[in-house]
Amino acid sequence: MLDGKNVVLGVTGGIAVYKACDIVSRLRKLKANVDVIMTNSATKFVSPLTFSSMSQNPVTDSMFKEPQQWDIEHISLAQKADVFLVAPATANIIGKIANGIADDMLSTTIMATKAKVIFAPAMNTGMYLNPIFQENMEKLKKLGYEFISPGEGRLACGDVGPGKLADPQKIVQYVNNYLNFNKDLVGKKILVTAGPTIESIDPVRYLTNHSSGKMGYKIAAMAEKRGADVVLISGPTHLDKPKNVKVIDVISTKDMYEQVLKYFDESDILIKSAAPSDYRPVRYSDSKLKKSNEDLEIKFVRNPDILKKCGEIKKEQKIIGFAAESNDLEKYALEKLKKKNLDMIVANDISKKESGFKSDNNKVILFKNNGSKVEYPLMRKEDLANIILDNIN
């Protein structure tokens, strides 16, 4: 339910406007208060009176109407919103916000709000796939705006492909999930590591592994959403940085070791999902090693063991490790859990294509130091991140 929650709904022009009526109806059934802002184009498809009747609130459709109450309306609505939903969202409104344009009531209010803004795009397939629109959308995602992916199928214009407004039920569920997100980690300081590390051999060559960092980034993002103060120490990745998370970029295992120890003492929880290199070359060559007729032999030395060190010095902190194995998964996971003084270990079989390195999914077994063992099916890493956080106690 959304009792007492304020949803500001922005409605832009397009044939999908009629579906916004269903969105208002569903939000009202969940007991949300809904204020609707319509663009001039939207009013050509459905009258403001329809939305006013369904929301039981006046509809705002102009910046220049005589005010019904003495406040600055776009600021009032911007401050009132617990979440700001734009559905349907045209390429026009998304382009405006991406480029800082505020020339009507809707764009002005979006620019003024501090609430989460969620776009549900609806447009012609060619427009949706246009690289300019895609660039605008990616720009907004990096700034923390969220998007509900459109459906695919036959559009009103006759084209077939992506661009259909997502189902109203899906859109309302997305808003419901956001507004009812569990904030159980407020006040907790969580330290997360992610990605691989790089050990340079010479200016050209280096030693690394296939870790993408996706699991650690999802954990950091979900922990932040649940209210935690999160520090993410990341090896080299191509991932977008999670919003409202302090990200510290490192290269080598030694770099990661130093940063983890710097923040560990003030943390409540360490989740070490990174895959740092266990070894580094004894010597680094300042110049490129040249090919010769001889075999090349490089001597390696062990890197510091980050997890073992934290297990030795921990006080009240909870430590969660990962065991990425290709065989004898349970045996090696349990050995690591005990040897490194962990509270929980997440074990996954990296030989499985559907859940190995670089995959968006994972299938794991959680082992705790109290002897419990729970096996989970294949799922999105985002969902698994929440399960891991749920099991920290």
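The values are calculated or read from the model by the stated rules, or taken from the named source; none is laboratory data. Please read these numbers as outputs of a predicted model, since none were measured by experiment. Glycine also receives a Cβ, built like all others from the backbone with ideal geometry; neighbour counts cover every protein chain displayed.
Note on segment 358-384: among residues that are outside any loop (DSSP other than H, G, I, E, B) and either more than 14 Å from residue 323 (Cβ to Cβ) or small (Gly, Ala, Ser) (or both), the one that is modelled with the lowest pLDDT is 380. Screening the candidates 230, 172 for the property of being touching a Lys or Arg at 6+ places or on another chain (Cβ under 8 Å), modelled with pLDDT of 90 or more and within 30 Å of residue 42 (Cβ to Cβ) yields one hit, 172. Restricting attention to segment 202-246, the residues that are of a type in the set (Gly, Ala, Ser), out of contact with any Leu (no Cβ under 6 Å at 6 or more places or on another chain) and without any contact (Cβ under 8 Å) to a residue 60 or more places away in the chain add up to 3.
Determine if segment 360-381 includes at least one residue that is in contact with a Pro (Cβ under 9 Å, 6 or more places away or on another chain) and either among the basic types (Lys, Arg) or crowded, with 17+ Cβ neighbours inside 10 Å (or both). Yes, there is a match, as at least one residue in segment 360-381 is in contact with a Pro (Cβ under 9 Å, 6 or more places away or on another chain) and either among the basic types (Lys, Arg) or crowded, with 17+ Cβ neighbours inside 10 Å (or both).
For residue 91, the criteria (1) within 19 Å of residue 147 (Cα to Cα); (2) at pLDDT below 90; (3) aliphatic (A, V, I, L, M) hold in every case but one, which is (2).
Being farther than 24 Å from residue 218 by Cβ and either assigned to a loop (DSSP other than H, G, I, E, B) or at pLDDT 95 or above (or both) is the requirement here; does residue 351 meet it? So residue 351 fails the test. Against the numbered list (1) among the aliphatic types (A, V, I, L, M); (2) in contact (Cβ under 8 Å) with a residue 12 or more places away in the chain; (3) more than 23 Å from residue 212 (Cβ to Cβ); (4) surrounded by fewer than 14 Cβ atoms within 10 Å (Cβ to Cβ), residue 296 comes up short only at (2). Only a single criterion out of (1) surrounded by 19 or more Cβ atoms within 10 Å (Cβ to Cβ); (2) within 24 Å of the chain's Cα centre (by Cα); (3) outside any strand (DSSP E or B) is not satisfied by residue 345, namely (3).
I'd like to know if segment 278-296 contains one or more residues that are under 18 Å from residue 336 (Cβ atoms) and either in contact with a Phe, Trp or Tyr (Cβ under 7 Å, 6 or more places away or on another chain) or of a type in the set (A, V, I, L, M, F, W, C) (or both). The answer is yes; a qualifying residue exists.
To keep it simple, each residue is scored yes or no on (1) outside the structural domain of residue 241 (by TED's automatic domain parsing); (2) surrounded by 15 or more Cβ atoms within 10 Å (Cβ to Cβ); (3) at pLDDT below 90.
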residue	(1), (2), (3)
84	yes, yes, no
97	yes, yes, no
110	yes, yes, no
119	yes, yes, no
140	yes, yes, no
148	yes, yes, no
153	yes, no, yes
163	yes, yes, yes
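Scanning segment 351-393 for residues that are β-branched (Val, Ile, Thr) and touching a residue at least 60 places away in the same chain (Cβ under 8 Å) turns up 388, 392. Inside segment 319-342, residues that are surrounded by 18 or more Cβ atoms within 10 Å (Cβ to Cβ) and charged (D, E, K, R) make up a count of 2.
Apart from one condition, residue 242 fits all of (1) crowded, with 17+ Cβ neighbours inside 10 Å; (2) part of a loop (DSSP other than H, G, I, E, B); (3) touching a Ser or Thr at 6+ places or on another chain (Cβ under 9 Å); (4) not small (Gly, Ala, Ser); the exception is (3).
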